[in-house]
Amino acid sequence: MKSLCIDNTENFITEAGVKNSATNVIPANSLLIATRMAVGRVAFNSVPMAINQDLKAVTCTEEIDSKYLFYLLESKEDYFNSIASGATVKGIKIGDITELKIPLPPLPIQRKIAEVLDAADRIRQRNKEVLKKYDQLAQSVFLEMFGDPVKNEKGWEVKELGTLQSRKSQNGLYVPKDQYDNSGTMMIHMSDAFYGKVRFEKIKYVKISDSEISKYSVDNQDILVARRSLNYEGAAKPCLIPIGNKKLVYESSLIRVTPNQRFITPLYLFFFLSNSRAKDWYVLKHVTRSTISGINNKGLNSIEIVLPPIDLQNQFATIIERIEQQKAQAQAELEQSEALFGSLMQRAFRGELNF
């Protein structure tokens, strides 16, 4: 086992450019790792670029294959998240990366491991593309039934979102780290809400009072909206909540919206806020531009919503339900390929793959 030491004569990885500087260009094909927000996520850059303090870039020496290191660091994402610290924005230090102990087999074995993981990754990426096509189909149905939300050719009424809720929108709950407990209540975080519908694979549990559970509870009659994002377009991203029988609360980077279903359904609101044309025209003008872009309750409630008849919204929901049934099968296939990829990755870095 070796350490990924920077500024050491036994380097297996060297930092590309000057850390925390967006004025220095990082060479193409550098390995990038997120040290804030999307902690532990890794990627290659295809062109030279500048990076900010949220990323670190590394280039490999001749003793380590860059694709092997990519997959190894990807396998450590949960570990990096577990050691991340910070009150508002979680992050890791460069030392958390460079001091990581890694298995270092001979280069031919490293490359063979990378080839196996590449093949497994292609399968899961194909399954992800199938899911994207179902999402595109759903958006096509939205446009066919309701038309261009900007042109509003049908002349439907336009109302501010704040007037279309059965209770006021509300920011989520901040819970200190020492209140996270697997015997507590499920809490939705941004990482759980990123995919358009809450996913429970990595959901965390918190110990909170009954009054907090009541105040911050959510169910499938609500949607959640992202308060902030590293990129401008990611702020105000909506998320649906699946039907379930367990108590759910949500954390402070999300806003709860409860549509008044006499006028608007959660599903229609989700698709409206997700539509690229509607987002560009109605939503983004209420999003602040900064290092971390965001939207507050005032801005969210000021978003104008094109309001078709509720009967038509319900017809739309019926069609989307059929699409979701097909999508669920594709999701199951993706989960199988993700499990296969994860298993191969863990076995590879434990030395259990025979070549």
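The figures follow:
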| item | result |
| --- | --- |
| Helix axis angle, 107-146 relative to the chain longest principal axis, alpha carbon, degrees | 10 degrees |
| Electrostatic dipole magnitude of the stretch 152-264 [Cβ: Lys, Arg +1; Asp, Glu -1; Cα centre; debye, to 20] | 40 debye |
| Highest-fluctuation residue, Val218, Val249, Val47 considered, GNM on the chain with Cα pairs under 10 Å | Val47 |
| Shape category assigned to the stretch 174-314 from the gyration tensor of Cα positions, a/c cut at 1.5 | oblate |
| Unit charges at the beta carbon, dipole of the chain: most positive-side option, Val206, Ser140, Val283 | Val283 |
| Over the chain: helical MRE at 222 nm, DSSP H runs n ≥ 4 each giving -39500 (n - 2.57), nearest 500 | -11500 deg cm²/dmol |
| Interchain or long-range residues, amide H under 5 Å from Ile305's placed H | Lys159, Glu160, Leu161 |
| The chain - accessible surface per residue (Å², probe 1.4 Å) | 52 Å² |
| Anisotropy class of the stretch 279-355 from Cα gyration tensor, a/c 1.5 cut | oblate |
| Accessible area of the stretch 57-131 belonging to carbon and sulfur atoms, whole % at 1.4 Å probe | 52 percent |
| Between the stretch 339-355 and the stretch 231-289, the alpha-carbon center distance in angstrom | 38 Å |
| Relative contact order computed over the stretch 90-213 (Cα-Cα under 8 Å; 6+ residues apart), in percent | 15 percent |
| Beta bridges per DSSP with both ends in the chain, % antiparallel, nearest 5 | 90 percent |
| Relative contact order (%) - the chain, alpha-carbon pairs under 8 angstrom, separation at least six | 17 percent |
| Under Karplus coefficients 6.51, -1.76 and 1.60, residue-wise ³J(HN,Hα) of the stretch 25-34 in Hz, glycine/proline x | 7, 8, x, 4, 6, 7, 8, 9, 10, 7 |
| Choice from Gln136, Gln313, Gln110 with maximal GNM fluctuation in the chain (Cα, 10 Å cutoff) | Gln136 |
| Pairs beyond 26 Å (Cα-Cα), from Lys168/Lys202; Lys197/Lys246; Lys93/Lys207; Lys168/Lys237 | Lys168/Lys202; Lys93/Lys207 |
| Highest-MSF residue in the chain out of Ala138, Ala114, Ala332 [GNM, Cα springs under 10 Å] | Ala332 |
| Cβ-based charge dipole, the stretch 196-355, positive-most Cα from Ile295, Phe341, Leu248 | Ile295 |
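The values are calculated or read from the model by the stated rules, or taken from the named source; none is laboratory data. Keep in mind the model is a prediction, meaning the values are calculated, not measured. Neighbour counts are summed over all protein chains in view; Cβ atoms, including those assigned to glycine, are modelled from backbone coordinates with ideal geometry. Side chains are part of the model used for accessible areas, which takes the heavy atoms of the whole protein and leaves out ligands, DNA and RNA. Shrake-Rupley method; radii C 1.70, N 1.55, O 1.52, S 1.80 Å.
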